[in-house]
Every structure is written in C-alpha cells, then in structure tokens.
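One structure follows; several queries about it will come next.
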Amino acid sequence: MHVALYARVSTTRQADNDLSIPDQLRQLREWAAANGHLVIQEYVEPGASATDDKRPVFQQMISDAMMKPAAFEVIVIHSLSRFFRDGIEFGVYERKLAKNKVKVVSIT
C-alpha cells in the first residue's frame, strides 16, 4: 500500500530541539516497513498547533490526498492528536478523505 507520513509538533521550541519529529518519523517509517507499505511522501509540520486546519503542510497533504487518483492510500500518524486535537474536526477530515478512498491510521 502507498502511504504518506505526517509528523507534527506544536511549538517551535519542540521543533528546534528535535524533541518529537525525528522520533515520530522513525516510528512511522518502522511501522510502514514492518507492515509492507511503501512511503510515498513525508509531511513534516514543525511548530503548528492542531487546534485548527490553518497549517500549510497539512493543507498540502489533504490536497494531495484529494487528487484523482489520490497520491497515496493512507495517511499514517503517530497519534490522533498529531492530525487534529478536536474530535469533530478529525471526523470531518476523515470522512472527506474516505470519499476519495484515503484512510487515516494512527500507529498508537
């Protein structure tokens, strides 16, 4: 399966200190390899809150996922909070992506 990885941290301090993104990417890559998936794209968003969708990298990933045909079949995230903090907004995007046969999978 063709997958995209999405890694995000909330603060620029976290991003500058490499507290989370390298570890997220390592775990996401290992999960993809262990499950026989091919990583097509990696989307990295340092210092962006997931309280809303005003994230440039996130929007690019959604745009790529909505292409016909989609650029990948699955968006792999470390945890649901990396994608969205709000469960309702998460559901809105999950349904939107599902209409184009793209799934969101959390590895935790």
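Bear in mind these aren't lab numbers, they're just calculated from the coordinates by the rules spelled out. None of the values given here were measured: they were computed from a predicted structure. No Cβ is skipped: glycine too gets one built from the backbone with ideal geometry, and neighbour counts run over all protein chains shown.
Restrict the search to region 21-108; then list the GluC sites (Glu not before Pro) that DSSP places in a loop and that have at most 13 other Cβ atoms within 10 Å of their Cβ.
Taking region 21-108 and a limit of 13 other Cβ atoms within 10 Å, no loop GluC sites (Glu not before Pro) are found.
So, one more: Give a quick list of chymotrypsin sites (Phe, Trp or Tyr not before Pro) in region 1-104 that DSSP marks as loop, anything other than H, G, I, E or B, with at most 16 other Cβ atoms within 10 Å.
Sparse-neighbourhood loop chymotrypsin sites (Phe, Trp or Tyr not before Pro): none present.
Here's a follow-up. Find the relative contact order for the chain and round it to a whole percent, using C-alpha pairs within less than 8 Å whose residues are 6+ positions apart.
34
Can you compute the modelled spin-label distance between MET1 and LYS103, with each label point 7 Å from Cα toward Cβ, in nm?
0.3
Shifting gears a bit: Give, rounded to the nearest 20 debye, the magnitude of the charge dipole that region 1-92 has about its Cα centre when Lys and Arg contribute +1 at Cβ and Asp and Glu contribute -1 at Cβ.
0
How about region 1-98: which trypsin sites (Lys or Arg not before Pro) there are in a DSSP loop, with at most 15 other Cβ atoms within 10 Å of their Cβ?
LYS54, ARG85
Right, another one. Name the residue from ALA33, ALA48, VAL92 whose Cα lies farthest towards the positive end of the charge dipole of the chain, charges +1 on Cβ of Lys and Arg and -1 on Cβ of Asp and Glu.
Result: VAL92, furthest along the dipole toward the positive end.
Also: Classify the chain from the C-alpha gyration tensor, please: rounded if a/c falls under 1.5, else prolate or oblate depending on whether a/b exceeds b/c.
oblate
As I understand it, the dipole of the chain uses +1 on the Cβ of Lys and Arg and -1 on the Cβ of Asp and Glu, about the Cα centre. Which of PRO22, PHE58, PRO69 lies farthest toward its positive end?
Of PRO22, PHE58, PRO69, it is PRO69.
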